[in-house]
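Bear in mind these aren't lab numbers, they're just calculated from the coordinates by the rules spelled out. Keep in mind it's a predicted model, so treat the numbers as computed, not measured. Quick reminder, even Gly has a Cβ in these numbers, built from the backbone with ideal geometry, and neighbours come from all protein chains shown.
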2 protein chains.
Amino acid sequence: MSRYRTFTAADAVEYARQHGQLAEPQELVSADEIGDGNLNLVFKVRDRAGVSRVIVKQALPYVRCVGESWPLTLDRARIEAETLLVHGALCPRHTVQVLHHDSELAVMVQEDLSDHHIWRSELVKGRYYPLAAGQLAEYLAKTLFHTSDFYQAAQEKKAEVSRFANPELCQITEDLFFTDPYIDHERNHFDEALLPQVRELRTDAALKLAVAELKHHFLSKAEALLHGDIHSGSIFVAEGKLKAIDAEFGFYGPIGFDIGTALGNLLLNYCGLPGLVGLREAAAGREQRLQDIRELWLIFADRFLMLCHQHTRDAALAVPGYAEQFLQHVWQDAVGYAGTELVRRTIGLAHVADLEGISDPEMRAECQRSALSLGRMLIVNAAQIEHIDALLVRIRQQG
Amino acid sequence: MSRYRTFTAADAVEYARQHGQLAEPQELVSADEIGDGNLNLVFKVRDRAGVSRVIVKQALPYVRCVGESWPLTLDRARIEAETLLVHGALCPRHTVQVLHHDSELAVMVQEDLSDHHIWRSELVKGRYYPLAAGQLAEYLAKTLFHTSDFYQAAQEKKAEVSRFANPELCQITEDLFFTDPYIDHERNHFDEALLPQVRELRTDAALKLAVAELKHHFLSKAEALLHGDIHSGSIFVAEGKLKAIDAEFGFYGPIGFDIGTALGNLLLNYCGLPGLVGLREAAAGREQRLQDIRELWLIFADRFLMLCHQHTRDAALAVPGYAEQFLQHVWQDAVGYAGTELVRRTIGLAHVADLEGISDPEMRAECQRSALSLGRMLIVNAAQIEHIDALLVRIRQQG
């Protein structure tokens with residue numbers, strides 16, 4: 001029989017005392033549940049001084065934001081912990097530290113990051129972290145290169161593909177990114193004002209053709225162990241620091257999906273800023289986002305290629321020029337996936353504060369329309385947008 | 001402890017009596033080992049009249065043609081039987097029937113096909129089976145479509161990808177197809193006369209770049225449950241009949257690999273015919289091979305698209321035009337993989353009778369040189385050879 005039970009705050013304290021790797025575990029005395037995500041219980045466990053010292057995160061057997069009517073595997077807790085452990089070994093600086101995990105309880109103890117902030121919240125407030133894009137790029141380059149065929153031995157990779165198969169969470173992405181937004185589906189929701197544009201998307205043959213290819217790549221290209229959900233809400237930042245969290249969507253997929261998710265969320269902020277902050281601040285913030293996007297790609301590409309040139313272990317893939325050729329495919333996938341993120345975050349099930357946080361309804365609809373247009377443009381034109389500067393030109397043209 | 005033991009002829013008879021699904025099993029009285037392949041024991045089990053009634057095939061824990069110094073997983077017997085069972089359910093007409101299998105003994109009982117001949121042997125003798133190419137196309141279309149993302153539910157496919165992970169046999173392909181022939185490796189062997197051309201291949205940057213991409217696709221594209229080794233020696237033919245056998249290389253890989261292997265082996269015969277039969281017969285046979293290649297592709301494409309149009313279950317992949325767009329990628333992969341088959345069968349570890357069977361050394365070297373040139377041309381130009389008729393033009397130009 002499974003030992004699984006839903007944790008109370010008291011359970012979280014007791015568990016953190018046992019597994020939090022603290023010198024004086026009895027100092028831990030209270031916990032408060034702070035989960036604002038869609039899927040899990042998250043406890044901050046505090047000491048006698050009220051200071052949060054470790055996090056206890058437990059998966060619930062259903063989708064929290066929908067309820068018990070949508071059951072969801074507890075195995076995602078194992079996937080999350082194991083993805084973070086793999087990524088943490090490859091890029092400890094930018095991966096949240098896992099102190100302990102237990103698959104049967106679907107629970108994980110991780111380092112406290114109370115001195116950090118969720119990047120999305122900061123972006124929504126117009127707060128700029130000049131190093132964040134580059135650090136995210138470094139995280140992506142290190143984790144994706146070392147779990148790709150360039151570096152990982154083929155037999156080991158095949159075992160890892162099975163270990164991280166993650167069918168239920170992949171299905172969520174498959175449905176929410178690539179199917180629902182382009183049909184009339186009950187999981188979609190959006191402001192009435194967007195209906196004309198939404199209807200256009202549903203009958204846009206060129207768009208649906210490009211989305212089909214992106215979905216097929218998501219289903220069939222096992223290029224590296226992705227984070228799988230690396231949006232700005234899965235990233236903690238502080239002055240000069242960045243940590244990826246929330247890796248329950250980890251699986252072997254197309255590298256461009258992680259890159260595109262990251263780019264897409266910066267673009268969502270770019271689209272939302274005019275409704276979130278004052279006119280002048282918005283203009284400056286949008287310029288910063290474009291620079292973030294440019295840095296994210298260029299630093300990722302630079303680091304990934306450097307790793308390919310210095311550390312590729314597959315003799316056939318090490319031939320001059322192949323890494324560059326592959327990276328061009330990654331780029332084109334990434335542009336397309338960024339577009340799907342813009343679309344699904346605007347009209348699909350799960351929205352983002354960058355757009356939802358705009359209080360004026362007309363301004364919100366305006367920003368949402370620009371996210372939809374930009375998303376469509378990226379998906380349809382990905383193959384023609386050959387490099388990062390061409391992307392920036394297109395975005396500026398879009399207005 | 002494993003029940004595995006190497007079967008004697010007497011063991012094969014006893015096993016066939018138990019598991020051969022014969023009405024009168026005691027009629028089985030003798031067995032002779034006929035394995036001429038590289039990996040396994042194969043027994044024909046005969047009745048009192050000397051008629052072969054069933055086949056007992058057992059995997060050895062090493063590569064038979066190399067010896068005990070190259071150990072190889074017995075799990076390949078399970079993979080083979082399970083691949084044939086999946087393919088047999090999808091295309092019973094063209095898949096050898098598995099009567100029984102046992103993973104621990106690494107043994108399989110399969111239908112006797114003594115009234116058939118190995119297609120390669122027939123091709124080498126210049127014997128023409130006008131329906132074979134079309135029947136192989138039908139086998140490929142049915143098995144590959146129904147195990148692809150067009151048809152197989154995503155969660156089920158992920159479980160199947162793990163069930164058919166097949167790391168050790170994939171590694172053989174990874175090494176023998178994509179690495180060894182392009183470097184100086186002890187597993188390669190070839191006539192001294194080919195050395196100048198072999199040396200050219202090893203320093204051919206454009207070729208090695210294209211091979212890198214083909215290898216990377218083999219490592220990372222899980223498009224469908226491939227046969228994995230569908231050369232003309234894995235195919236039995238008889239008047240109007242065709243059966244695929246020997247599926248121990250089965251795994252989820254790029255669809256173009258199976259197509260390319262099939263095309264490549266017809267091209268090996270095309271290259272070898274001038275040394276195998278008389279002048280006039282060779283010219284007619286080569287023309288037949290080109291027609292075989294044309295039919296194989298066109299019938300495969302037609303059947304695959306028809307299945308996509310009628311039976312695609314993924315709503316996003318069902319959009320008009322996507323199957324055609326995907327098939328174009330399959331085609332380009334297939335042309336490249338056909339090229340790698342030509343090269344590795346000429347200068348790598350495992351050769352074929354279509355070339356090795358040529359007794360005159362000069363003629364043999366001439367045919368081998370033409371296989372190498374054709375292989376290189378296909379690999380390097382795959383992206384420019386946009387359809388089957390363009391391929392035939394290129395082959396004729398090559399001479």
Between copies, how far apart are the B:Ala159 label points? List them in nm, one decimal, shortest first, with each point 7 Å from Cα toward Cβ, please?
2.4
Can you put A:Ile34, B:Ile388 in order, fewest other beta carbons within 10 Å first?
A:Ile34, B:Ile388
Separation of the B:Thr203 and B:His387 label points, Cα + 7 Å toward Cβ, nm:
4.0 nm
Residue by residue through the range B:383-394, which ³J(HN,Hα) values in whole Hz follow from phi under the Karplus form 6.51 cos²θ - 1.76 cosθ + 1.60 (θ = phi - 60°), with glycine and proline marked x?
5, 8, 8, 7, 8, 4, 6, 5, 5, 5, 4, 4
How big is the charge dipole of the range B:9-111 about its Cα centre, in debye rounded to the nearest 20, if each Lys and Arg gets +1 on its Cβ and each Asp and Glu gets -1 on its Cβ?
260 debye
Nearest-0.05 FRET efficiency for B:Glu324 and A:Arg396, computed from C-beta distance (R0 41 Å):
0.75
Quick calc, A:Glu33 & A:Thr73: beta-carbon distance into FRET formula, R0 22 Å, rounding 0.05, result 0.55
Tell me, what does the Kirkwood hydrodynamic radius of chain A come to in angstroms if you use every pair of distinct C-alpha atoms?
21.6 Å
Number of partner chain Cβ atoms within 10 Å, mean per residue of A:309-317:
5
Using only alpha carbon pairs under 8 Å that are at least six residues apart, calculate the relative contact order of the range A:47-177 and give it in whole percent.
23 percent
Using amide H atoms built in the peptide plane, which far-off residues or other-chain residues are under 5 Å from A:Ser30 H to H?
A:Arg46
Along the dipole axis of the range A:9-111 (charges at Cβ: +1 for Lys and Arg, -1 for Asp and Glu; origin at the Cα centre), the most positive-end residue among A:Leu60, A:His100, A:Tyr15 is A:His100
In nm, to one decimal, how far is the A:Glu104 label point from the A:Lys125 one, both placed 7 Å along Cα→Cβ?
4.3 nm
Tell me, what is the percent relative contact order of chain B, built from C-alpha pairs under 8 Å that lie six or more residues apart?
17 percent
Residue-averaged beta-carbon neighbours from other chains (10 angstrom radius) around A:145-157
3
May I ask you to derive the relative contact order of the range A:9-111, considering only C-alpha pairs under 8 Å and at least 6 residues apart, and to give it as an integer percent?
23 percent
Taking a ≥ b ≥ c as the square roots of the Cα gyration tensor eigenvalues, with a/c under 1.5 meaning rounded and otherwise prolate when a/b beats b/c, else oblate, which class fits the protein assembly as shown?
prolate
Enumerate lysine pairs in the range A:117-398 that are 8 or more residues apart or on different chains, then count those whose Cα atoms are under 17 Å apart.
5
Label position 7 Å from Cα toward Cβ: report the copy-to-copy distances for B:Asp32 in nm, one decimal, ordered from shortest.
8.6
With only Lys, Arg, Asp and Glu charged, each at its Cβ (+1 for the first two, -1 for the last two), find how big the charge dipole of chain A is about the Cα centre; round to the nearest 20 debye.
360 debye
Which chain A residue hugs the A-B rotation axis most tightly by its Cβ, and what is that distance in angstrom, to the nearest whole number?
A:Ser162, 2
at A:Gly50 the sorted inter-copy label distances (label 7 Å from Cα on Cβ side), in nanometres, are 9.9
Count the DSSP beta bridges whose two residues both fall in the protein assembly as shown, then state the antiparallel fraction as a percent rounded to the nearest 5.
95 percent
Average partner coverage of B:295-303, which counts Cβ from other chains inside 10 Å:
0
Of the candidates B:Ser220, B:Trp70, B:Ala31, the farthest towards the positive dipole end of the protein assembly as shown (Lys/Arg Cβ +1, Asp/Glu Cβ -1, centred on the Cα centre) is B:Ser220
In nanometres, what is the gap between the two model label sites at B:Arg187 and A:Leu85, each 7 Å from Cα along Cα-to-Cβ?
3.2 nm
In debye to the nearest 20, the charge dipole size for the protein assembly as shown, taken about the Cα centre with +1 at each Lys and Arg Cβ and -1 at each Asp and Glu Cβ, equals 520 debye
Tensor-based shape of the range A:188-338 (alpha-carbon gyration tensor, a/c under 1.5 rounded, otherwise prolate or oblate):
oblate
